[in-house]
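Reading through the structure tokens given below for one structure.
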Amino acid sequence: MAKTYVSLIPSIEQREAAWIQVRARQAPAPKPLAQPSVTISREYGCEGFPLALRLQELLGKASGSAWTIFDKTLLDKVASDEQLSRDLLHRLGDESHAQDLILSHIGSLTHDVAYARLVRHLIPIAMEGRAIIVGRGAAVVCQDLKNCFHVRLVGSFEFRAHSMARRLDLPLAEAENLVRAQSKLREKFISKALQVDITASRWYDAIFNNERQSVESIAQACMGLVLSGWQEKGNR
């Protein structure tokens, strides 16, 4: 039986509960030390979520702290919870800076009401740190955040179609149609919501060919990028 794309992603309830528990364990501080976050952009069919899962494990072990993966489903869930929204901004310590960034991004990047609502939550999440944000144009939205590292996965159409056929147990022809359709939808969304070319290298610290490199090798490279890059930023 063919799988749905949603079936490849852990339960939204479990992930939200885990994130809330992590935040509850963190001692509140008026000016918490900044922590890094990572955004993952990918062409449809590339292994963005598997990369996020492995990177979450590697960075958690390296830092000794829990990291949370945010994709569209979890971001939408957080955006719909007003209490979480207020708590998130309050914990940042510099709420005015966060609000300034949010307003500037909403004004200059998007006229899409639903997406603007998501941006209001995406930026504070990235600012709080220890977040791995998958998709949603996060590399562009969080471009001015000094604690963020941005990576992108690319691959040929053939690779992406075969990847989706394997992961969803689909016939190859059906997977090819899915990749074509979803790729067009994403391009349309990005064009409408952000009015930028999300494929441009200017947005990213690194771009990986998912066809030539495994999730493991990419995750290891990303961890190195974050750990060494964060040390360099701390010494500037």
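The values are calculated or read from the model by the stated rules, or taken from the named source; none is laboratory data. What you are looking at is a predicted structure, and each value in this text was computed from that prediction instead of being measured. Cβ: placed from backbone, ideal geometry, glycine included. Neighbour counts: every protein chain shown.
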query: Does the range 142-156 contain any residue that is at pLDDT 90 or above and assigned to a helix (DSSP H, G or I)?
result: no
query: Which one of SER228, SER191, SER217 is under 17 Å from GLY48 (Cα atoms) and either part of a helix (DSSP H, G or I) or out of contact with any Asp or Glu (no Cβ under 8 Å at 6 or more places or on another chain) (or both)?
result: SER217
query: Which of (1) modelled with pLDDT under 95; (2) assigned to a helix (DSSP H, G or I); (3) touching a helix residue (DSSP H, G or I) at 6+ places or on another chain (Cβ under 6 Å) does ARG54 not meet, given it meets every other one?
result: (1)
Verdict on ILE198 being surrounded by 14 or more Cβ atoms within 10 Å (Cβ to Cβ), modelled with pLDDT under 95 and β-branched (Val, Ile, Thr): yes
message: I'd like to verify a number: residues in the range 159-194 that are hydroxyl-bearing (Ser, Thr, Tyr) and either crowded, with 17+ Cβ neighbours inside 10 Å or at pLDDT 95 or above (or both), how many?
response: 1
- request: Among the numbered conditions (1) part of a helix (DSSP H, G or I); (2) within 26 Å of LYS61 (Cβ to Cβ); (3) touching a residue at least 40 places away in the same chain (Cβ under 8 Å); (4) not basic (Lys, Arg), tell me where SER163 comes up short.
  value: (2)
- line: Filtering the range 208-236 down to residues that are under 16 Å from TYR44 (Cβ atoms), surrounded by 15 or more Cβ atoms within 10 Å (Cβ to Cβ) and either without any contact (Cβ under 8 Å) to a residue 60 or more places away in the chain or among the aromatic types (Phe, Trp, Tyr) (or both) yields PHE208, GLU211
statement: ILE198 meets each of (1) touching a residue at least 40 places away in the same chain (Cβ under 8 Å); (2) assigned to a helix (DSSP H, G or I); (3) under 20 Å from the mean Cα position of the chain (by Cα) with one exception, condition (2)
query: Going by the structure shown, is ASP169 in contact with a His (Cβ under 6 Å, 6 or more places away or on another chain) and of a type in the set (Asp, Glu)?
result: no
- request: State the number of residues belonging to the range 168-192 that are more than 17 Å from GLY155 (Cβ to Cβ) and among the hydroxyl-bearing types (Ser, Thr, Tyr).
  value: 1
